[in-house]
Structure formats: C-alpha cells, structure tokens
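Report on the following structure.
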Amino acid sequence: MSTVSMHNQRKVYGETLLAVGKENPNIVACDADLSKSTMSYMFGNSFPERFFEMGIAEANMISFAAGLSLTGKIPFVHSFAVFASGRPYDQIRVSVCLGRLNVKIIGSSTGLSDFGDGSTHQSVEDVSLMRSIPNMTVLSPVDGIEVEKMVRKMVEYNGPVYLRVNRNDLPDVFDENETFEIGRSYVVRDGNDAVIFATGVMISKALEAAEELGKDGVSVRVVNVSTLKPVDEEQLRTLSHGARVVVTAEEHSLIGGLASIVTYALRGLAIPIVPIGIQDSFGQSALSYDELLVHYGLTAENIKKSVKEAIK
Amino acid sequence: MTIERLSQKARSMRRSIVRMVGVGKAGHLGGSLSITDVVAALYFSKMKLDKNNPRWEKRDYFLLSKGHAALAQYAALAEIGYFSENELDHVKSLESMLQGHPDMSKTPGVEANTGSLGQGLSIACGIAAGLKIDKSNRQVYCVVGDGELDEGQIWEAAMAASFYKLDNLTAILDNNGLMATGVIAERFDSSPLPEKWRSFGWWVHEIDGHAIKSILEALEEADKVKGQPKMIIAHTVKGKGIPFAENQPAFHNGILTQEQYELALQELGE
C-alpha cells in the first residue's frame, strides 16, 4: 500500500473555524480554558472581539452561547467531549435544543483519543447523550477532510449540532470531491458479502479489515456513517441488501451509539448484526491511543474475525 | 405611564394570575405574585417594545430566569396584546401556547426557554454579549429568584457578566426569602446577598420590590452605571396581594379551593 496521508482532526478543525470566521462575521466562539487543545485559539487570536473565554464553567458557557445565538450570532462552543456534552447536558437540552437554537457544540478529544488522561476525560457516552435530545444533530467525522466539510455545513445549517472531534492524527479517507450532506452515509469501499458500518477512527480499521478479507476472497462494503442523527434508515437498509453479515464499529459505548442506530434501522431484516464497540465500561489511561483501542477490541483484527465467523 | 396607572396594571396582572391558577389545580401562585410589580414596571414603563410586534428588532429583552413564575409574564404579555386574554384560561393545557414554564417556540414575547433554574441569567449574559458585539444600545433585563441562587451556574454567570463588563444587563432579584420547601435562611442560606453580588463585580441596589416608584427609580439609577452589570435586589413578599397566601410556602405551587379563589379575587378588587 502507498503511504497513507494523515491529518489531525482538531488542527483541521481550528483552521476551518478560522477560515469560516473570516467569511462570516456572525461566527463567534466560546471555550472553557481548553482552547489550545480544541484549537479554537486560532479563531480567538484572529478575532478577539468574537471569542469568549468562559473559564472552567461549562454550564454557563452553553447557556451563554444560547443567548449569543438569540442575537443572530452563530456560536461554536468548545471543550473536551465529556465536558461539552455530559457535564452541561441540561443546559444543552433546555437552553439550546428546546428552542432549536443555532448553537454548535464541539466535543473535542472524543472517545478514547485523550488516552493519557483516563476515564474522567474520555467520552464513550457522548453520542448516546446527544442523540437522545430532540432537535439535536450529531456528527462524527472520519478524518480531517470531512471535518472541514462538516464545519462549513454546520455554518449553513440553522440549528443545534454536536460535532465529535478526535485528538490524534487519522488517515485521510473522505473523497475530496464529495459533498458532505447531513444525514447521508458514504460508501468508502464497495463489496457484497459483508457490510461494515463504521464511524470516526473505526473507518480506517474497517478498511484495513476489508483489505485483508479481500485477500481471502471475501468482498466487503465499508460505509462511513458520519451523521449519527438524523439517520437515513432507508439508505442503511439499501446498503445492507444482500449482505450475509452486518458489522458495526464505533469508538463509543454499545449503548446508544452506532450499534443502536444500525440495529434499529435494520429491524425486521434477516441479516445477522455483529456490534463492535465499547462494552458497558469506562475508559482508562494508557501510554498510547492504539494500546487503548486494542484493549477495548476496537481493531481491524476483531472486525475481520467477526466477519469471518459470521459467514463461514 | 403614571405610577398609579402602573399599580392598576399590576393589580390587573395579579387578577390574571389568580385566574390562571384557577380552582383545584396546582399553580405557581406565590412566586408569580412576588414579581408582579417588577414585571409590570419593566413591561409597561421601562422596556422598549412594540405592542404590535413581539419580535421588533429594537426591543429590549426580558428573561425570566425563575421560569416557574411564568404566570406573571403571561399576564403582562396578554395585557400588552401579544395574544388573546382567552389563552390565559388554557395555561398548561395540552397543546396550549402557555406552558408551565416559558417557551420561546410557543409563546409570543417569550425570548428563551427558561425554568431549569440557573440558566436564564447565563442566557441573558449571552444576549448582552451579542448586543455588545453589534454595538447595540438594547438592554437586557433578567428576573432571578433567590432560591435559584443555590445553582452554581448563577455564580458562573455572575463572574462572566462582570468579566465581560455587561453593563447592558440588569438583573432583578426576587428576594422573597422562600424556596419551595420553606424559609431559605433555614434551609440553604445564601446570604449575605448584597455583599456577594458586589464581590462578584456587580453594581448592587436594594429596594422594596412592591413599591413601583422605587422600582422605576432603581431602573433609572441602573441606566447610569457603566462598565459593570447591575443587580437590583428587590425585597418582596411571596404571594403578595393575597393576604392568606402571603409568606406561605404552601402557595409556592399550591392549589386554591373555590372559596380561596373567590376570596383572592375579592382581595384584588374584583
């Protein structure tokens, strides 16, 4: 295989926010003392009058952003995913989503990607929490290319959005020439024996597994489900048609994330579904991201094994 | 509007509040009556608004952080004419435009969704900050409950407002001294209030929250303050205007009997 090009999602995020900020004077940003991690500092340095350091006070930050949006601003609100979703859950629910306000919440260092900081800083429930709130849109980009397209779409879209951003360098997958549409899933590799629905970092693991399976004569379709709400159930059903097994792969709890989405979407279809994700448990510290992914079974090897066992 | 006329408005609002609480069903009577005079002074004298257009782009903002006192706001909005007074008979009914707590999507004149305590003041700060970016001279008024001060978010907002010098924000604290279960000072004492707010960087002024003249004067005084957010601590009586309900925690979200209902309207001059 040729050398894979890599990008850091949060760096691309920071650059994109700055770029859209130059184009649209209504864009404002808030951060809770993590701007150097979330990369919102890039916007803050260029537009100090439109950047609000909100201190380590996430509840106020979310409701404050709701207020900003009521004056026609488009606030992008940043923290680590745990502190941007679970901690101010009720503020997101009542201040933002109940009135369907135009607030964009950036859950940075999502999943296990903040490997060293351990369970307090790792979010394996954010998708579940955010999906459960009416009016919320939930996005989970595969790579830097998709991050850029998503941020631009978030500016166009009028309503609350939660964006999951990984902390580490990830391989480029998303087609540069493809348009990102909220609610649409993307086939990144085609095949007909098995379908892997994956999201975020697990797409590259799924592609690795598909490559290996291909050598063994198993043809695998890999689908990037990057909008986790709203979901085009019909598209997921169509993409599953004829497959002997469906595998879901996510860096998130099996409760309320992609496994729940796909299982529900394919209800009534006679296709076995194998969910790969984090069992009902918290994360923990590790010295590298990969070490954690392996520990929780979020590997190409595991995906490959699941497909093989199902279709033998 | 003259002070006498404003007092009449407040009295009329109190009657509407009793009408909305009705007979035999729970309603947030006490806390709605304690802020009635403040709300009347804001809507009928102080705030810039367009009687024909609740979304008028130059209007001042009113946020009811203590959202459970929505009945006082509904009474004012109906009086202005943003919706028919008949709607007041359907408060909290299924599909009603008047929800148990203020809902911006359903009620003309409601600016945000409040009532999950602690959030309204933060929203008010965000609006004030947005107006500052636009160099607008529109003002933001926010009514906060004293029980609500237990919420940590209030103090997060207090710090943010003073850090960002939100002098276009005036909060009015409904200091009736009671929370749902009883006397605040005996349960979770949040005093000393003026000292706390001053130490958070706010201009503080204390008034009798039922003296229309004092309310108006305090709001005028607040206009002169630059460079910091303003807090008017309004000393109020929960249940004000209905003697049997005054200072009674039971009427926080209480039920009126037919006899009490009639007596209440009688007290309010009907």
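The values are calculated or read from the model by the stated rules, or taken from the named source; none is laboratory data. This structure is a prediction, so every number in the text was calculated from the model and none was measured. Heads up, the Cβs are rebuilt from the backbone with ideal geometry, glycines too, and the neighbour counts pull from every protein chain shown.
List of remarks:
- Qualifying residue in the range A:90-109 (condition: more than 14 Å from chain B (Cβ to nearest Cβ), of a type in the set (D, E, K, R) and part of a loop (DSSP other than H, G, I, E, B)): no
- Test for B:I233: is it in a strand (DSSP E or B) and touching a residue at least 40 places away in the same chain (Cβ under 8 Å): yes
- Hey, A:M42 farther than 27 Å from B:S116 by Cα, more than 8 Å from chain B (Cβ to nearest Cβ) and out of contact with any strand residue (DSSP E or B) (no Cβ under 9 Å at 6 or more places or on another chain) or not: yes
- Take the conditions (1) in a loop (DSSP other than H, G, I, E, B); (2) more than 14 Å from every other protein chain (Cβ to nearest Cβ); (3) farther than 22 Å from A:C97 by Cα; (4) among the acidic types (D, E); B:E95 misses just one of them, which is (3).
- Number of the condition not met by B:R59 [criteria: (1) modelled with pLDDT of 95 or more; (2) assigned to a loop (DSSP other than H, G, I, E, B); (3) farther than 29 Å from A:C97 by Cα]: (3)
- The criterion of at least 2 residues that are farther than 19 Å from A:S123 by Cα is met, among strands (runs of 3 or more DSSP E) falling completely within the range A:202-312, by A:220-224, A:245-253, A:273-278.
- Condition check for A:N177: over 20 Å from the mean Cα position of the chain (by Cα) and not assigned by TED's automatic domain parsing to the domain that holds A:V262: yes
- If you check B:Y164, B:Y141 for being more than 21 Å from A:N102 (Cα to Cα) and at the interface with chain A (Cβ under 9 Å from one of its Cβ atoms), only one passes: B:Y164.
- Residues in the range B:66-91 that are of a type outside the set (G, A, S), crowded, with 16+ Cβ neighbours inside 10 Å and in contact (Cβ under 8 Å) with a residue 60 or more places away in the chain were compared, and the one that is farthest from B:G30 (Cα to Cα) is B:E79.
- Filter pass, B:L63 being within 14 Å of another protein chain (Cβ to nearest Cβ), crowded, with 22+ Cβ neighbours inside 10 Å and under 12 Å from the mean Cα position of the chain (by Cα): yes
- Flag if A:I133 is touching a residue at least 24 places away in the same chain (Cβ under 8 Å) and either part of a helix (DSSP H, G or I) or under 14 Å from A:F76 (Cα atoms) (or both): no
- Residue list for the range B:34-56, restricted to those being closer than 17 Å to B:D223 by Cα and among the hydroxyl-bearing types (S, T, Y): B:Y43, B:S45
- Residue, surrounded by the fewest Cβ atoms within 10 Å (Cβ to Cβ), within the range B:176-202, restricted to residues that are part of a strand (DSSP E or B) and touching a helix residue (DSSP H, G or I) at 6+ places or on another chain (Cβ under 7 Å): B:G182
- Hits in the range A:166-206 (condition: crowded, with 21+ Cβ neighbours inside 10 Å and under 17 Å from A:V245 (Cβ atoms)): A:A194, A:V195, A:I196, A:F197, A:A198, A:M202, A:K205, A:A206
- Verdict on B:V110 being part of a loop (DSSP other than H, G, I, E, B) and either under 27 Å from B:I80 (Cα atoms) or within 9 Å of chain A (Cβ to nearest Cβ) (or both): yes
- Count of the range A:139-189 residues which are in a strand (DSSP E or B) and either among the charged types (D, E, K, R) or touching a strand residue (DSSP E or B) at 6+ places or on another chain (Cβ under 6 Å) (or both): 11
- When the test is whether a residue is touching a His at 6+ places or on another chain (Cβ under 9 Å) and either at pLDDT 95 or above or under 21 Å from A:R152 (Cα atoms) (or both), A:A57 does not pass it.
- A:I62 vs. criteria buried (at least 24 other Cβ atoms within 10 Å of the Cβ) and part of a helix (DSSP H, G or I): yes
- In the range A:239-250, the residues that are assigned by TED's automatic domain parsing to the domain that holds A:T299 and within 19 Å of A:K312 (Cα to Cα) form no Cβ pair under 9 Å with any partner that is part of a strand (DSSP E or B) and modelled with pLDDT under 95, whether six or more places apart or across chains.
- Only residues that are closer than 10 Å to A:K11 by Cα and surrounded by 22 or more Cβ atoms within 10 Å (Cβ to Cβ) were counted across the range A:28-41, and they come to 3.
- Filter result for the condition that a residue is assigned to a helix (DSSP H, G or I), polar (S, T, N, Q) and more than 9 Å from chain A (Cβ to nearest Cβ), over B:S122, B:S34: B:S34
- Scanning the range A:70-89 for residues that are facing chain B (nearest Cβ under 8 Å), farther than 11 Å from A:A29 by Cα and in contact (Cβ under 8 Å) with a residue 24 or more places away in the chain yields A:L70, A:G72.
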